[in-house]
Amino acid sequence: MIPVEFLLLVFLVITALVIARLGYLFAAAMLTGMFSLLSAGLFTLMDAVDVAFTEAAVGAGVSTVLMLGTLALTVREETEKSVRLLPLFIVFITGGALFFGTLDMPLYGDPSATIHHYLMPDYVAGTKDDFGLPNIVTAILGSYRGFDTLSLIHISEPTRPSLLSYAVFCL
């Protein structure tokens, strides 16, 4: 039987190829929303629920609405352009370099990977005592990463709402 992850990956590749060849921009915008939903499904199967939720909300929701809004103000069909080989060459070189960079990574789910020996034992041991939550992912997202994100908001956006978020963060 074919794994679901492989089927989703095949659908992602097919959707990407159709988007790249499509001249009707409305359909391309809708297909990018489908691509984001397929990506969210793949992230969910890989147990990255936080990334899947963000991809579904931002990729399929907000980005699709922004693209459709842009199309409402511009043309709906792409004009024909001559084929340029330099951008295609740059894409293949960049893709090859990225693929080459992944060859040094540990296998997916490898228990002997470095990531599982540095912070993970502290997170697993301290989750129940520090936060009283039985789910490790929820504890990490609601505490460590939540505080990190909140602190980044007030650093990157020096406006009145960020001062409010900083005040809440300090409480």
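No lab work stands behind these numbers, since they all come straight from the coordinates. Since we're looking at a predicted model, the values are computed, not measured. Don't worry about glycine lacking a Cβ; one is built from the backbone with ideal geometry, like all the others, and counts go over all protein chains shown.
Can you classify the range 23-72 as rounded, prolate or oblate using the Cα gyration tensor, where a ≥ b ≥ c are the square roots of its eigenvalues, rounded means a/c under 1.5, and otherwise it's prolate if a/b beats b/c and oblate if not?
Verdict is oblate for the range 23-72.
Which of the GluC sites (Glu not before Pro) found in the range 19-93 are loop residues per DSSP with 10 or fewer other Cβ atoms within 10 Å of their Cβ?
Hits after loop and neighbour filter: Glu80.
In terms of the Cα gyration tensor, with a ≥ b ≥ c the square roots of its eigenvalues, is the range 1-87 rounded because a/c is under 1.5, prolate because a/b exceeds b/c, or oblate?
oblate
Whole-Hz ³J(HN,Hα) for each residue in the range 61-67, computed from phi via Karplus 6.51 cos²θ - 1.76 cosθ + 1.60 with θ = phi - 60°, x for glycine and proline: what do you get?
Taking θ as phi minus 60°, the curve returns x, 5, 5, 5, 5, 5, 5 Hz for the range 61-67.
Once you have the Kirkwood Rh of the range 27-141 from its Cα pairs, apply Stokes-Einstein at 4 °C and 1.567 mPa s and quote D in µm²/s.
Translational diffusion coefficient: 71 µm²/s.
If I stretch the segment between Ala97 and Tyr123 completely, what's the gain in nm (0.36 nm per residue apart, minus their alpha carbon distance), one decimal?
6.0 nm
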